[in-house]
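Input: a single structure, listed below in structure tokens.
The values are calculated or read from the model by the stated rules, or taken from the named source; none is laboratory data. Just so it is clear, the model here is predicted, and its values are computed rather than measured. Using ideal geometry, Cβ is built from the backbone for each residue, glycine included, and neighbour counts are taken over all protein chains shown.
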């Protein structure tokens, strides 16, 4: 026997949610915005200022995407409404399954959209540059840093983001000393900024012959990738630029020419290294872009008027500074110390299932601001 009461209730709730979403987005206003932006893009001198043109095209794409998404959601609601009318006339298990699946998908899509409304920072929509550094714990910490690199790569894959490894420094015995991962996709920075901080691992060390428990740390830093419309002026005299051989495994230029570039911002001591591009010039440009993003984000977080003040943002990856604990032994638990969110599904987390932690952090930040 088919029970339509639950299906009708879910349909009613989602229809109301979609109504609120439509009121918020205002399709008429979106259509007007699209018309104005298309008119601007059609002007003969549109590409004279390429940076402004790119921003305009991005705004146009976002407005069109929002309108298309609204239309798809409305079509889903209409489809389920028709299914309910047919089910009133004649029970059909297949139709019930189809309608239930559509409502679940709509619920997930609306939930994701509602979460994105919490990402209101000036760079939340940007690509992310995520840097991982091994902290206290020796070889175990370097192995832990490599595990985190895999975790964030898997998270990006789950969300359809593209990744590019900009820098990798391998450990002497195992793991990595550091890595810089570029994650490209809408809202990548907005989501991943919650991951900035020290991550603590507790496990039986595979590098300890006596099988003792080991605690190790790794630091994660996250910056937005800046577009051409954002400028950060850094005097050449404030930079110390050195080159070296990239090292590591493989590659045409590895261990042959000095393609790796390291840039130190002397007033603050911040350092960036880029090794993965083919030429020294490409690595220098990439390292400089990452350094500018670091300076911008830290200055914004501390609202510093003087760039020298940003050094206080650096936090040592060691005891007492962690934002999240990953315990593999004597029990299995991942716990975020800021939001108190925890899970025993540690393998799922290491495979990139970070959304519960990210969502809780974003909601907490929104509540604190309001």
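Taking the stated definitions as given, is residue 154 modelled with pLDDT under 95 and either part of a loop (DSSP other than H, G, I, E, B) or under 14 Å from the mean Cα position of the chain (by Cα) (or both)?
Numbers: modelled with pLDDT under 95: no; either part of a loop (DSSP other than H, G, I, E, B) or under 14 Å from the mean Cα position of the chain (by Cα) (or both): yes.
Taking the combined requirement at face value, the residue does not satisfy it.
Name the residues in segment 186-209 that are part of a loop (DSSP other than H, G, I, E, B) and either under 8 Å from the mean Cα position of the chain (by Cα) or buried (at least 18 other Cβ atoms within 10 Å of the Cβ) (or both), would you?
186, 187, 196, 205, listed by residue number.
Using the structure shown, decide if residue 77 is modelled with pLDDT of 95 or more and surrounded by 15 or more Cβ atoms within 10 Å (Cβ to Cβ). First the steps, then the outcome.
Values: modelled with pLDDT of 95 or more: yes; surrounded by 15 or more Cβ atoms within 10 Å (Cβ to Cβ): yes.
Judged against the criteria, residue 77 is a match.
Counting just the residues of segment 125-145 that are within 30 Å of residue 54 (Cα to Cα) and in contact with a strand residue (DSSP E or B) (Cβ under 8 Å, 6 or more places away or on another chain), which one comes out surrounded by the fewest Cβ atoms within 10 Å (Cβ to Cβ)?
The qualifying residue surrounded by the fewest Cβ atoms within 10 Å (Cβ to Cβ) is 131.
Could we say that residue 29 is touching a helix residue (DSSP H, G or I) at 6+ places or on another chain (Cβ under 9 Å), assigned by the TED database to the domain that holds residue 96 and free of Cβ contacts under 8 Å to residues at least 24 places away in the same chain here? I'd like the intermediate steps shown before the answer.
Numbers: touching a helix residue (DSSP H, G or I) at 6+ places or on another chain (Cβ under 9 Å): no; assigned by the TED database to the domain that holds residue 96: yes; free of Cβ contacts under 8 Å to residues at least 24 places away in the same chain: yes.
For residue 29, the condition - touching a helix residue (DSSP H, G or I) at 6+ places or on another chain (Cβ under 9 Å), assigned by the TED database to the domain that holds residue 96 and free of Cβ contacts under 8 Å to residues at least 24 places away in the same chain - is not met.
Here are 123, 161: which of them is within 30 Å of residue 24 (Cα to Cα) and outside the structural domain of residue 216 (by the TED database)?
On the way: 161 fails: outside the structural domain of residue 216 (by the TED database).
After ruling out the rest, the residue left standing is 123.
Report whether or not residue 37 is at pLDDT 95 or above, surrounded by 12 or more Cβ atoms within 10 Å (Cβ to Cβ), farther than 30 Å from residue 88 by Cβ and touching a helix residue (DSSP H, G or I) at 6+ places or on another chain (Cβ under 8 Å).
yes
Out of curiosity, is residue 241 touching a helix residue (DSSP H, G or I) at 6+ places or on another chain (Cβ under 8 Å) and not assigned by the TED database to the domain that holds residue 340?
yes
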